[in-house]
Each structure stands twice: as structure tokens, then as C-alpha cells.
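In what follows, a structure is listed as C-alpha cells, so that the remarks can point back to it.
The values are calculated or read from the model by the stated rules, or taken from the named source; none is laboratory data. In this text the structure is predicted, and so the values were computed from the model without any measurement. For neighbour counting, all protein chains shown are included, and Cβ atoms are generated from backbone atoms with ideal geometry for every residue, glycine included.
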Amino acid sequence: MSHPPLPQQTVIAVVGSGAMGAGIAQVAAAAGHVVKLLDNRPGAAEQAIAGIRAQFAKLADKGKLTPEAALAAGTRLVAAQQLADLADAGLVVEAIVENLEAKQKLYADLEAIVGADCLFGTNTSSISVTAIGAALNNPERLAGLHFFNPAPLMALVEIVSGLATDPAVAETLFATAAAWGKTPVHAKSTPGFIVNRVARPYYAEALRLAQEGAADYATIDAVMREAGGFRMGPFELMDMIGHDVNFAVTNSVWRAFYHDQRFLPSLLQQELVDAGFYGKKSGRGFYDYRDGALRPGPQTEAVQTPAGMITIFGESAAAEALAERLETCSLAFSRAPASDGRIAEIGRAVLAVTDGRSATQRAAETGAANLVLLDLALDYTRASRLAVAVAEQCEPAAAAAAIGLLQAAGFAVSRFLDVPGLAVMRTVAMLANEAADAVNQGVCSESAADSAMRLGVNYPQGPLAWADQVGVATIRDVLANLGASYGEDRYRISPLLQRAVFAGRNIHD
């Protein structure tokens with residue numbers, strides 16, 4: 001049952017005037033509400049309001065708001081001096097320090113001040129909404145209202161229900177966030193909610209690849225951008241977020257899931273945190289940001305000659321894209337029916353898309369010694385770079401011919417150490433698996449999981465939609481092969497994925 005949003009005449013209180021609090025206040029004021037901003041630091045709320053008004057003025061200068069609307073929105077912002085000033089609020093959003101006791105005390109104090117119908121919306125990103133509500137006399141009025149930074153620009157808001165949250169409260173906050181121009185999704189209060197949980201493999205798999213020496217940071221980042229379609233590679237993204245923050249979230253989720261191997265923190269990142277190399281803000285992280293430091297480029301294979309007869313096998317996305325690109329560069333080839341997963345041959349070389357096994361293992365098991373594996377690409381017709389792995393049994397001339405074929409088709413080629421699953425494939429498989437597990441455990445719906453990851457962290461595709469595109473059976477096989485290669489519970493397959501494969505359907509069917 002849908003509920004209407006809070007009326008525009010509802011006073012919104014925001015406690016905490018840092019980047020998140022100020023951003024939320026800006027969103028609510030722009031939507032027509034009087035907003036009371038409170039901060040325990042003297043002058044902080046007034047300073048934040050001045051900054052928000054300046055933002056409204058900039059929007060007016062750019063033509064995104066009329067001068068009258070910008071002025072009106074700015075005048076709706078009021079600096080509160082004490083909790084008692086929030087007595088007439090219909091919604092109190094806290095954006096204070098990520099500390100359970102501090103949040104519990106704030107809302108417990110507010111219960112004695114605000115009306116019985118006032119709603120509480122915590123902007124926590126990692127603390128249990130259930131735990132925060134446990135300190136309240138009326139925990140049913142509390143739900144998570146988790147915005148993403150910067151709040152005025154990021155569309156996603158996670159509406160998080162704790163164990164005691166009244167469903168009507170969650171629905172009202174959902175409708176309110178939508179009325180404020182956001183895209184809300186419902187989530188259950190479990191560690192990391194949707195985004196901070198499902199995003200962990202994006203960092204974890206890259207960190208594992210680097211720790212195994214699969215490729216350097218710049219090369220892995222380039223492959224994730226240029227083949228995977230991600231806006232930022234994992235290492236540059238962690239540097240931007242800050243390793244102190246990113247590592248803390250990973251640890252928080254890992255501990256909250258009772259040390260589940262799927263969320264295991266990385267020793268590489270622990271070392272950076274220990275060194276104080278937090279990323280951009282400290283001048284050093286995976287990359288060096290100090291004055292005069294050179295940014296390393298990705299490792300790219302020298303140009304090779306595509307020597308030998310070329311055959312394209314089957315009609316998979318990779319095979320069709322390779323055929324299209326070869327036609328564009330006028331390189332002759334023949335076609336043949338699909339055969340044992342290979343997409344192409346050139347001379348003695350066999351090319352196939354990774355299935356989660358190393359090239360060396362797959363070559364041994366299939367008898368195709370001259371095997372070169374390709375990584376997954378979001379769109380093989382548009383990707384500008386591919387990662388490859390070469391079986392140890394492969395003749396150097398065959399490897400060179402395979403690399404030359406991909407280069408002739410317009411790909412920059414980065415050769416990885418022969419690790420299972422390469423970069424994009426194993427990352428997408430793990431993202432899809434984590435999203436599927438969140439759905440399977442009732443945290444959110446399939447559509448909410450995909451929307452959250454596209455809008456909250458700008459993924460090029462929702463992970464479950466991506467699994468459908470690649471094929472759920474392929475994703476299942478990749479995970480099974482990774483699990484067999486590493487012998488770890490980390491790669492266990494979500495029951496939701498398993499059921500979809502056995503039913504012969506897509507996840508979104």
C-alpha cells in the first residue's frame with residue numbers, strides 16, 4: 001500500500017551540518033520544506049547554511065533555478081541552536097558521527113521533545129537501524145534514510161527498515177524521497193544494506209588480483225574502465241574514497257557477518273592504512289599524488305602480427321563482436337559452428353572467454369594447449385582494451401598471433417598472469433552473486449539491487465541484469481570454477497543463482 005509523502009509544510013530537521021547533513025538540508029529545502037539545521041559545533045550550522053545558499057545562487061546563475069526560487073529555498077533554511085528548537089519537526093534526519101551510542105542518545109533525547117507523529121530518519125551507512133531503534137520508546141518511527149554523497153547530485157536513497165520499523169513509516173519516507181526528486185529503494189537492516197554490501201567484491205577481487213601479482217594497479221584499473229565500463233577502476237576509486245574509510249567499511253561488514261570469507265579485508269589495504277597512505281587526501285595511496293609524481297600507465301602488449309588463418313566460432317557476443325571488428329579492418333576470416341567454448345582460432349592459437357579456470361588448467365583439461373583466454377567486456381563491440389591470460393603450455397608464436405588478432409580488431413591488450421577468472425569476469429560474477437544473495441535473504445528486491453548499484457556507485461549495469469546478459473549459467477560456472485581453484489567458501493554460489501540456472505530462466509524473469 002502506497003503512502004503519500006510528507007506535505008511541503010512539514011518542518012524537516014537535520015542534525016549534523018557536515019557534507020552529508022548540509023547536502024540533505026539542501027535537498028529538503030529545494031523541495032519546499034522549512035529546514036532546521038543543528039550542529040553541536042558553534043557556528044557550524046550557520047556556516048553550512050551560507051554554503052547551501054551559495055549553491056542555490058550558483059544553480060540560479062546556471063539557469064537551473066529561477067533567482068526567485070533560489071532565494072526562497074535559501075530563506076527556508078534556519079540554524080537551530082539546541083534540540084528544543086526542533087520541537088515542531090515532522091522528520092528529523094541525523095547525519096552525525098557513525099557511532100551507535102551517539103545516534104541512540106540523540107534520538108532518545110528527541111523523543112522527549114518532538115511530537116508523537118514525528119518520524120526519525122537515520123543517515124547511517126553501516127550501523128544497524130534495529131540497534132539504533134532499540135534505545136527508543138517508539139522504535140517504530142525510525143528508519144534508515146541513507147543518502148549518498150554528494151546528496152544533491154546522487155539520485156539514490158536507501159530506505160532501511162529495522163526490525164521494529166513501522167512499514168507505513170518506511171513507505172512515507174520512500175514517497176518523501178521520491179517527492180524530493182530522488183530514486184528510493186527499500187532495504188532491510190542488514191550489514192551494509194544494499195550498496196555497501198554488494199560493492200565489496202569490486203574492491204576485494206581487485207585487491208586479490210594485485211596481491212597475486214596478476215597485473216599492476218594501473219593495468220587492472222584500465223581494464224575495469226575500458227573493458228568493464230566502470231567509471232573508475234577499483235584502485236583509483238579506493239584512493240579517492242580514502243583507505244581509512246574504505247577499509248573501515250570493509251572491516252565493519254566483515255565483522256557484522258561474523259567473519260564471512262566473502263568480505264575478508266585485504267592485507268594490501270591494511271598496509272596502506274598502517275602507513276597512513278590514505279589516498280588522494282594524504283598524497284599517497286595505490287598511486288602517488290604528490291607534486292611531481294608521475295601517474296603510471298597501464299601495461300599494454302607490443303604490437304604483434306596476426307599470422308595464420310582465422311576462424312570465428314559460434315554466435316556469442318564476443319564472437320560476433322570480433323567478427324564485426326575484423327570486417328571493419330578488412331581482415332579475412334571464416335565462420336564455423338560453436339565448439340567447446342572457443343570463439344576464434346588463428347593459426348595454432350585458440351581463443352576463448354574465461355570461465356573462471358586458469359588458462360593453464362583449461363588447456364590441460366580440454367587438450368587445447370595453445371589457449372589464450374579473454375576477459376569479459378561490458379560490450380565487446382565498444383571495448384577499447386581486453387585482458388588476456390595465456391596457458392603455460394602455449395607456444396610463444398601462438399600467443400603472439402592471438403594477441404595480434406585482438407590488436408588488429410582494435411583492442412589494446414593487457415596480458416595478465418594466468419589467474420582464474422581474470423578481472424572483469426570474476427568481479428562481475430562476484431557482484432552478481434552478492435546481489436543475488438542479498439535478494440535471497442530478503443534484504444531487497446532484484447530491481448532494487450540493480451537500481452542501487454547503478455545509482456549509488458555508478459555501475460554501468462545492475463549486477464543482476466549483467467548476470468542475465470552474460471548468462472546465469474555462465475556466472476554460476478565462473479563462481480564454481482573460482483571456488484574449485486581457490487578452495488575457499490568465498491566463492492560459494494547464491495541459492496538464487498542456482499535456482500535460476502536449474503529453472504532455465506533469467507534472474508529478472
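If I go through segment 221-271 residue by residue, how many of them are hydrophobic (A, V, I, L, M, F, W, C) and touching a strand residue (DSSP E or B) at 6+ places or on another chain (Cβ under 8 Å)?
So the answer is 6.
Enumerate the strands (runs of 3 or more DSSP E) found wholly within segment 9-119, keeping only those where 2 or more residues are within 29 Å of the chain's Cα centre (by Cα).
11-15, 89-94
Hey, does segment 280-291 have a residue that's among the hydroxyl-bearing types (Ser, Thr, Tyr), over 25 Å from the mean Cα position of the chain (by Cα) and surrounded by fewer than 17 Cβ atoms within 10 Å (Cβ to Cβ)?
no
Against the condition crowded, with 24+ Cβ neighbours inside 10 Å and within 30 Å of Thr130 (Cβ to Cβ), how does Ala199 come out, does it pass?
Here the answer is yes, as Ala199 does meet what is asked.
When both residues are 6+ apart or on different chains and their Cβ atoms are under 7 Å apart, which pairs have a first residue that lies in segment 181-197 and is over 16 Å from Leu142 (Cβ atoms), and a second that is of a type in the set (Ser, Thr, Tyr) and assigned to a loop (DSSP other than H, G, I, E, B)?
Filtered contacts from segment 181-197: Gly192/Ser126; Asn196/Ser125; Asn196/Ser126.
Of all residues in segment 334-362 being surrounded by 17 or more Cβ atoms within 10 Å (Cβ to Cβ) and polar (S, T, N, Q), which is nearest to Leu322 (Cα to Cα)?
So, considering only residues that are surrounded by 17 or more Cβ atoms within 10 Å (Cβ to Cβ) and polar (S, T, N, Q), the one nearest to Leu322 (Cα to Cα) is Thr354.
Considering only residues of segment 475-509 that are crowded, with 22+ Cβ neighbours inside 10 Å and β-branched (Val, Ile, Thr), which is nearest to Ala436 (Cα to Cα)?
Among those residues, the one meeting the criterion is Ile507.
Do we find a residue being outside any helix (DSSP H, G or I) and either under 22 Å from Thr183 (Cβ atoms) or not aromatic (Phe, Trp, Tyr) (or both) anywhere in segment 463-475?
Yes: segment 463-475 contains one or more residues that are outside any helix (DSSP H, G or I) and either under 22 Å from Thr183 (Cβ atoms) or not aromatic (Phe, Trp, Tyr) (or both).
Met1 passes all but one of (1) within 20 Å of Phe174 (Cβ to Cβ); (2) modelled with pLDDT of 95 or more; which number fails?
(2)
Just wondering, is there one or more residues in segment 184-195 that are of a type in the set (Lys, Arg) and farther than 25 Å from Ala383 by Cα?
For segment 184-195, residues of a type in the set (Lys, Arg) and farther than 25 Å from Ala383 by Cα: present.
Would you be able to tell me the number of residues in segment 319-361 that are over 23 Å from Ala307 (Cβ atoms) and either of a type in the set (Gly, Ala, Ser) or touching a strand residue (DSSP E or B) at 6+ places or on another chain (Cβ under 6 Å) (or both)?
5
Among the numbered criteria (1) surrounded by 13 or more Cβ atoms within 10 Å (Cβ to Cβ); (2) free of Cβ contacts under 8 Å to residues at least 40 places away in the same chain; (3) farther than 18 Å from Gly181 by Cβ, which single criterion is violated by Leu106?
(2)
Please determine whether any residue of segment 233-255 is farther than 22 Å from Asn149 by Cβ and in contact with a helix residue (DSSP H, G or I) (Cβ under 6 Å, 6 or more places away or on another chain).
Yes, because at least one residue in segment 233-255 is farther than 22 Å from Asn149 by Cβ and in contact with a helix residue (DSSP H, G or I) (Cβ under 6 Å, 6 or more places away or on another chain).
Does Leu153 satisfy the condition of being without any contact (Cβ under 8 Å) to a residue 60 or more places away in the chain, within 18 Å of the chain's Cα centre (by Cα) and surrounded by fewer than 22 Cβ atoms within 10 Å (Cβ to Cβ)?
Answer is yes for this residue.
Under 6 Å between Cβ atoms, which residue pairs at least 6 apart in sequence (or on different chains) link something in segment 313-333 that is over 17 Å from Leu378 (Cα atoms) with a partner that is assigned to a loop (DSSP other than H, G, I, E, B)?
Phe313/Ala338; Gly314/Ala338; Leu326/Phe333; Leu326/Ala409
What is the residue count in segment 244-279 for residues that are surrounded by fewer than 20 Cβ atoms within 10 Å (Cβ to Cβ) and of a type in the set (Lys, Arg)?
1
Any residue that is modelled with pLDDT of 95 or more, touching a strand residue (DSSP E or B) at 6+ places or on another chain (Cβ under 9 Å) and not small (Gly, Ala, Ser) - is there at least one of those in segment 67-76?
Taking every residue of segment 67-76 in turn, at least one turns out to be modelled with pLDDT of 95 or more, touching a strand residue (DSSP E or B) at 6+ places or on another chain (Cβ under 9 Å) and not small (Gly, Ala, Ser).
Considering only residues that are more than 22 Å from Arg490 (Cα to Cα) and polar (S, T, N, Q), which ones fall in segment 425-472?
Ser445, Ser447, Ser451, Asn458, Gln461, Gln469
Name the residue that is farthest from Gly133 (Cα to Cα), counting only residues in segment 67-96 that are of a type in the set (Val, Ile, Thr) and in contact (Cβ under 8 Å) with a residue 24 or more places away in the chain.
Ranking the qualifying residues of segment 67-96, first place goes to Val78.
Considering only residues that are surrounded by 17 or more Cβ atoms within 10 Å (Cβ to Cβ) and among the β-branched types (Val, Ile, Thr), look in segment 46-77 and name the one that is nearest to Val11 (Cα to Cα).
Ile49
Please go through segment 117-143 and pick out each residue that is at pLDDT below 95 and under 18 Å from Gly90 (Cβ atoms).
None; the set is empty.
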